[in-house]
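*Asks:* Before I ask anything, here is the structure I am working with.
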Amino acid sequence: MQHRISLKNPSYDDYAQFYAMRFTSEVVYWADDEPHQMSLDEYALGRLTAQGSGEIIERIIVVDGVPVGTITARDFVDRVCQCTLGIVIADPRYWGHGYGYAALRLFMVLLAEEGVGRVILETYANNKRAQRCFHKIGFQKKRVFFAPNSGRFVVQMCMSLAPKRPIGEVITRDDPRWRAPRR
């Protein structure tokens, strides 16, 4: 069965749904090397504000109309140079089905259109499934290091993107001049 994977702009309601899964009392959120509990408003409004200010680019991963996670670019170095990537499939029922892979492919196109030239991500060294997914997309292992705040080893991976900027006028499907490409 084919599933439809897409990305959408986040809303407060999307963050409320993920908050319930990610910030329960047994889940600790790390910030500034110290664990703390975060309220729904801190989480949702913080993410929406960061997007509005251009600090991050974040999309909701949607599988067959159901929001299942987030994908985020942050820590921009000169918007067109490089950024750090984060991906979370918040609902464990959607793990291991290739949805993260499909969402990453869509997101890489979006980042290339934004002019980002290099993407860096980090994952725990024992997360072999994620590393295989990232490698399949084109990420290369750069280094492995110990992260004191989590007490775990982390693998850092990188990928270069070719910029995809239009060189002329862009005509969308809504434009009466639009024609389907010839085969």
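*Asks:* Starting from the Cα of residue 160, step 7 Å toward the Cβ, then list every residue of region 119-143 with an amide N under 20 Å from that point.
*Replies:* Once the point is set 7 Å along Cα→Cβ of residue 160, 119-122, 134-143 turn out to lie under 20 Å by backbone N, inside region 119-143.
*Asks:* Oh, and also: Counting only DSSP beta bridges with both residues in the chain, what percent are antiparallel, rounded to the nearest 5? Before the final figure, lay out each step's value.
*Replies:* Values: 35 of 39 bridges.
The antiparallel fraction comes to roughly 90 percent.
*Asks:* Another question, if that's okay. Test of understanding: in a Gaussian network model of the chain with alpha carbons linked when under 10 Å, which of 68, 77, 154 would top the mean-square fluctuation ranking?
*Replies:* Checking each option, the largest mean-square fluctuation is seen for 77.
*Asks:* Now for a different question. Could you give the length gained on full extension between residue 141 and residue 9, defined as 0.36 nm per residue of separation minus the Cα-Cα distance, in nm?
*Replies:* Working: separation 132, 0.36 × 132 = 47.52 nm, distance 2.97 nm.
Between residue 141 and residue 9, full extension yields an extra 44.6 nm.
*Asks:* I need two numbers for the chain: Rg to one decimal and Dmax as a whole number, Cα atoms only, in Å.
*Replies:* Spelled out, the Cα radius of gyration and Dmax of the chain are 17.7, 58 Å.
*Asks:* Would you mind checking region 42-78 for residues with the amide N under 15 Å from a putative spin-label position 7 Å along Cα→C-beta of residue 174?
*Replies:* none
*Asks:* Among all lysine pairs in the chain that are eight or more places apart or on different chains, how many have alpha carbons less than 24 angstrom apart? List each step's numbers first, then the result.
*Replies:* Values: 8/136; 8/164; 128/136; 128/141; 128/142; 136/164.
Close lysine pairs under the 24 Å cut-off: 6.
*Asks:* Additional query: With charges set only on the Cβ (+1 for Lys and Arg, -1 for Asp and Glu), what does the dipole of the chain come to about its Cα centre, in debye to the nearest 20? All intermediate terms of the calculation are to be shown ahead of the outcome.
*Replies:* Details: 25 positive and 20 negative charges, 282 e Å.
Result for the chain is approximately 1360 debye, rounded to the nearest 20.
*Asks:* Now for a separate question. In debye, nearest 20, what is the charge dipole magnitude of region 64-135 about its Cα centre with +1 on Lys and Arg Cβ and -1 on Asp and Glu Cβ, if you could check? List each step's numbers first, then the result.
*Replies:* On the way: 8 positive and 7 negative charges, 62 e Å.
Computed charge dipole of region 64-135: roughly 300 debye.
*Asks:* With a cut-off of at most 14 other beta carbons within 10 Å, and DSSP calling the residue loop, which chymotrypsin sites (Phe, Trp or Tyr not before Pro) in region 98-183 qualify? Please list them. List each step's numbers first, then the result.
*Replies:* On the way: sites: 99, 101, 107, 124, 134, 139, 145, 146, 153, 178; in loops: 139, 178.
When the chymotrypsin sites (Phe, Trp or Tyr not before Pro) of region 98-183 are filtered for loop state and at most 14 Cβ neighbours within 10 Å, 178 remain.
Where a number appears in this text, it was derived from the coordinates with a stated rule and is not lab data. These numbers come from a predicted model, not from an experiment. No Cβ is skipped: glycine too gets one built from the backbone with ideal geometry, and neighbour counts run over all protein chains shown.
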